[in-house]
1. Once the other residues with Cβ under 12 Å from the Cβ of Asn58 are scored (Lys, Arg +1; Asp, Glu -1), what is the net sum?
2. Could you give the distance between the Cα centres of region 28-92 and region 186-222, to the whole Å?
3. Put a dot 7 Å past each Cα toward the Cβ at Val229 and Thr108; how far apart are the dots in nm?
4. Once you list every other residue whose beta carbon is under 15 Å from the beta carbon of Pro276, what net charge do they have if Lys and Arg are +1 and Asp and Glu are -1?
5. Between 0 and 90 degrees, rounded to the nearest ten: what's the tilt of helix 276-289 against the longest Cα principal axis of the chain?
6. Measure nothing fancy, just the Cα-based angle from helix 229-249's long axis to the longest principal axis of the chain, in degrees from 0 to 90, nearest 10.
7. Note down the relative contact order for region 152-275 as a percent, whole number, built from C-alpha pairs under 8 angstrom at least six residues apart.
8. For Phe112, what residues show an amide H to amide H distance below 5 Å, using hydrogens built from the backbone and excluding near sequence neighbours?
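Please treat every number below as a calculation from the coordinates, not as lab data. Everything numeric in this text was worked out from a predicted model, so none of it was measured. Please note: Cβ atoms are built from the backbone with ideal geometry, for glycine as well, and neighbour counts cover all protein chains shown.
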Amino acid sequence: MPLKTGFSILVFFLIGMNFSRIEAQELNCSVQINSSQVSINDKTVFEAMQRSVYDFLNNRRWTNDKYAPAERIDCSILITIDRQISTDQYEATIQISSTRPVFGSTYTSNVFKYQDEAVRFKYLQFDVLDFSENAYLSEFTSLLGYYAYVIIAQDYDSFSLMGGQEYWQLAQRVVSNAQTSGGTGWQSFKDRNNRYWLVQNALNDRFKSMRECSYVYHRKGFDQMSENVQKGRAEVLKAIKLIEKTHKNEPNSYNQRLFFTAKNDEIIKLFAQAEPSEKNELIALLDIIDPANSTKYLAIKEGGR
C-alpha cells in the first residue's frame, strides 16, 4: 500500500456492502512540450512526443504498491526544445516538479523542483518508448525513468522515514546503466550538480539527515498543522536544523540547494507568523545553511511581506 494511504480520505466503509477498490498507477503527471524555439513547419512530432511522454509516465507501473486514483503523486514535466540537432535528435531543458498533499487541508507542498539543462535525446514521431531498469535502451527513456523514480523516492521519504530507499536505488541503477552512453549528467567527474550526484548523495550516510528532514518536515510538521499550527511549526524548525548536520559534512551540497529551491517560499510564509525568538533562530540558521536566499529570508521578520 502507498505510504500516504494511512490518512487517505478515499476509504469508505459501507455497512453490508462490498466493493473492489479502483487501482491506479503511481504518477499523475502533467506533460508539456514547448517547441517555440524550434523553427520547423510541421510540429506534429512534438504533439506526438507529448502524448508519448504522458503515456510513458502515467500508464506504467513504477512500484508494486496499490494506489487509489486520488493517491497518485501530482507532478509535472516541461520539456523545452532548445534546438533540433538532426531529424531525430534534440537538445532540451527539462523542468520537473512534484507536490504532496498536507493532511487535513487543501494545501499542497512542493517536494521537488529540478531543472536539467543541455539534455540531448533522440525521438521520432512513431517511436515506442521502451524502458528497462536493468539496461540502457535510450537516452530519452532513461531520463524519464530516472525522474519517475526520483519523484517517487522523494514522495515516499516525505511519508515514512527513509521510505524512498528502494526507489533511490532504482534511480541509481538507471544512472549506472546510462554511464557508458556518453550522455551528460550521468557521470561523477564532469559536474557535482547533476543526476549522478543527486542520487549518490541521497544514498550516502553523510546525507542521511537530509532525508530525515523530509520526513520530519512533512509528516511531523505540516501534516499536523490542521490540529496545532505552533506544534507543527516547531517540528518544521527541527527538520531544518537536521540539514545543518549535512551542511557540516558537505557545505552547500546540491541536494541541500534543491531542498531550499522547493521550500524557501513556503518556509517564509510559515514562519512569518512565528514568535520573534523563533524567527530569529530560524533566520540565523538559514544564513548558514542557505546563504543564497539569506536576503529573501529577511521577509520573515516583516511578516512575510
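1. Working: positive: Arg51, Arg60, Arg61, Arg72; negative: Glu26, Asp55, Asp74.
Residues near Asn58 contribute +1 overall.
2. Value for the Cα centre distance between the two parts: 25 Å.
3. A separation of 2.3 nm, rounded to one decimal place.
4. On the way: positive: Arg233, Lys279, Lys301; negative: Glu275, Glu278, Glu281, Glu302.
Here the charged neighbours net out to -1.
5. For 276-289 against the chain, the angle is about 40 degrees.
6. Relative to the chain, helix 229-249 is tipped by roughly 60 degrees.
7. On the way: 130 pairs, mean separation 26.9, N = 124.
22 percent.
8. Ser98
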